[in-house]
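The structure under discussion appears below in the form of structure tokens.
The values are calculated or read from the model by the stated rules, or taken from the named source; none is laboratory data. All values reported here derive from a predicted model rather than from experimental measurement. With ideal geometry, Cβ positions are generated from the backbone for all residues, glycine too; neighbour counts draw on all protein chains shown.
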């Protein structure tokens with residue numbers, strides 16, 4: 001099994017792996033085309049590389065295309081989950097950042113509520129809105145408006161899927177200095193009494209959407225799991241075994257699915273149906 005990686009840090013320890021810098025590929029794609037086409041898997045490309053790799057070079061990528069597309073930002077993610085498991089989302093409203101829509105959201109949400117940037121991670125770009133001044137400050141930073149009800153929790157769960165395995169599940173308790181639970185923002189972890197309902201939900205969601213590399217953030221309210229978000233790229237703090245556990249699970253998945261790929265043949269008439 002031959003691998004090409006565009007992210008050295010996340011693929012250290014994988015055998016038979018060639019690393020290519022994304023910026024080098026951008027400048028001279030023809031230099032690497034044959035090598036990429038010969039690879040069994042292309043690992044961790046940048047988002048801007050997807051169309052070329054998937055549709056021009058017919059590459060098989062990891063994480064999966066749906067992991068990239070759905071996880072690209074919180075708006076894309078929410079739209080997908082609203083259609084699939086709406087009861088597992090906190091009340092969420094999304095709108096353009098104009099005075100009319102902002103006024104509607106302000107009236108519709110009960111204080112305090114949570115406001116987020118569409119693209120952010122590690123607790124960055126997430127605010128607890130308690131008054132109008134904080135709302136105005138959020139609007140100055142946001143391209144689109146994304147607000148959620150503030151759930152009555154002081155901790156959430158991080159559940160990590162790699163391939164088709166849950167390799168870690170643990171609580172993240174709120175930081176003493178903010179409402180954030182992210183370890184990078186001062187939250188602390190514990191491994192006691194992780195509810196099976198949360199793990200079951202994540203497994204079902206990941207299987208349905210073909211998400212194969214993500215850290216899912218789950219809130220539990222009265223025994224019911226609520227998806228806060230998932231991150232395609234996540235840290236290894238809190239994961240027993242750290243990066244080694246991630247790499248081992250990744251390798252198992254790549255080996256198990258190394259023969260599953262059926263290239264799309266644009267010359268085959270079987271790929272097209274004429275509706276009349």
Review point. Among the strands (runs of 3 or more DSSP E) contained in segment 165-230, which hold 1 or more residues that are modelled with pLDDT of 90 or more and under 20 Å from residue 129 (Cβ atoms)?
Key: 213-221
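The rows are residues; the columns are (1) within 21 Å of residue 141 (Cβ to Cβ); (2) outside any loop (DSSP other than H, G, I, E, B); (3) at pLDDT 95 or above; (4) under 18 Å from the mean Cα position of the chain (by Cα).
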| site | (1), (2), (3), (4) |
| --- | --- |
| 55 | no, yes, yes, no |
| 67 | no, yes, yes, yes |
| 79 | no, yes, yes, yes |
| 83 | no, yes, yes, yes |
| 95 | yes, yes, yes, no |
Point to revise | Looking only at segment 144-162, and only at residues there that are at pLDDT 95 or above and surrounded by fewer than 20 Cβ atoms within 10 Å (Cβ to Cβ), the one that is nearest to the chain's Cα centre (by Cα) | key: 144
